[in-house]
Amino acid sequence: MLYLMKEILTDAQQRGYGVGYFNGSNLEMVRAYIRAAEDTRSPIIIGTAEVLLKYCDFDWLAPLLLYSARMAKVPVAVHLDHTYTFDNIMRALYAGFGSVMYDGSALSYEENVRNSAEIARIAHPMGVGLECELGKVGQASGEVKNVYTDPAQAADFVEKTGVDFLAVSIGSAHGTYIETPRLELDLLKKIRAKVDAPLVLHGGSGLSDDDFRNSIKGGIHKVNIYTDIITAAINKTRAECAVNAYPDLNLKVEAAMYEETVRKIKIFGSDNKY
Ligand SMILES: [Zn+2]
């Protein structure tokens, strides 16, 4: 069932659980996510991101994502994650994605507000939800530093832009952590007090189960997971390198991603919701 991210996250907010967002660049990834969601009776959000388009061109991937969502027995939203260019956002709108993330977090506050508001003005009449990022979720490698989200600025940002979902920077980071991350749950509480829109946690891979549970309790309703899934895939590939038939390897890797997705769904508490 193809749902809008807004419908899925509104329910998550009302009933107090988190929903995973998973990037899929090929058939096996997408199928692993959908099967995990169906078997746990969980809503799920799937999609791709601008930097991942090198793995699979948008024109190939968009029909796969949308078809898989429509055929699924549970609510599945199709979303375009981290997008920096106007053109790719327009492609997602045209293709029928229910939501997009415009990431202007590297720009000045004023530019981020201006660009985000402009995209909201185009997306909203088409029924498309918009996620934006305020503060900066950095790289776990330390290459890009975290800039924590300021609660007062978050309220101002949502009011000026009309964004539907806000990605916040509270201590998580993209990629594989070198040091154990520490989430600023007090900061999350302050942001939650000022912003009604569902909040999004990026850089979810590598966080502890308690980190997830506490941040969902604190107002996070979408959790972006990527590294943990591709790590499960690569570990399985290494373990099964003696497999003779490439399609069999694909199935084993898909099963590993499925297992990791099921695990995450259960931690987020979105299982048995449909
Ligand atoms: Zn992110």
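Under 20 Å from a point placed 7 Å out from the Cα of Lys194 along the Cα-to-Cβ direction: which residues of segment 110-154 have their backbone N that close? From segment 110-154, the list is 110-117, 131-138, 146-154. Extension gain, Ala239 to Asp39: 0.36 nm times the residue separation minus the Cα-Cα distance gives 69.5 nm. If I stretch the segment between Lys252 and Gln14 completely, what's the gain in nm (0.36 nm per residue apart, minus their alpha carbon distance), one decimal? Extending this stretch completely gives an extra 82.0 nm.
Given the chain, report the % of alpha carbon pairs whose separation exceeds 28 Å. The share of Cα pairs beyond 28 Å in the chain comes to 30 percent. Only Cα pairs under 8 Å and 6+ residues apart enter the sum, and on that basis the relative contact order of segment 132-274 stands at 19 percent.
A DSSP coil position with no more than 10 other Cβ atoms inside 10 Å describes the following trypsin sites (Lys or Arg not before Pro) in segment 179-274: Arg182. The distance between label points at Glu118 and Glu143 comes to 2.8 nm (points 7 Å beyond Cα on the Cα→Cβ vector). With a threshold of 24 Å on the Cα-Cα distance, the over-threshold entries among Lys236/Lys264; Lys190/Lys222; Lys217/Lys273; Lys160/Lys273 are Lys160/Lys273.
When the chain is treated as a Gaussian network with alpha carbon springs shorter than 10 Å, the biggest mean-square fluctuation among Tyr148, Tyr33, Tyr94 belongs to Tyr94. For the chain, set up a Gaussian network in which alpha carbons nearer than 10 Å are linked by springs, and say which option among Thr261, Thr180, Thr83 fluctuates the most. Result: Thr180 has the largest fluctuation of those listed. Restricting the count to DSSP beta bridges whose residues both fall in the chain, what percent are antiparallel, rounded to a multiple of 5? Beta bridges within the chain, antiparallel portion: roughly 5 percent. Per residue, the chain reaches -15000 deg cm²/dmol at 222 nm when only DSSP H runs of four or more residues are counted, each adding -39500 (n - 2.57). Taking GluC sites (Glu not before Pro) in DSSP loop states with no more than 13 other Cβ atoms inside 10 Å as exposed sites, the chain has its longest site-free stretch at 1-142. As a calculated quantity, the FRET efficiency between Leu107 and Asp59 at R0 = 30 Å, using C-beta atoms, amounts to about 0.60. If one computes the Cα centroid of segment 43-106 and of segment 141-216, what distance in Å separates the two points? Segment 43-106 and segment 141-216 have Cα centres separated by 22 Å.
Throughout, read-outs are computed from the coordinates displayed, never taken from laboratory work. As the structure is a computational prediction, the values presented were derived from the model and not from experiment. Here the Cβ is made from the backbone with ideal geometry for all residues, glycine too, and neighbour counts use every protein chain on show.
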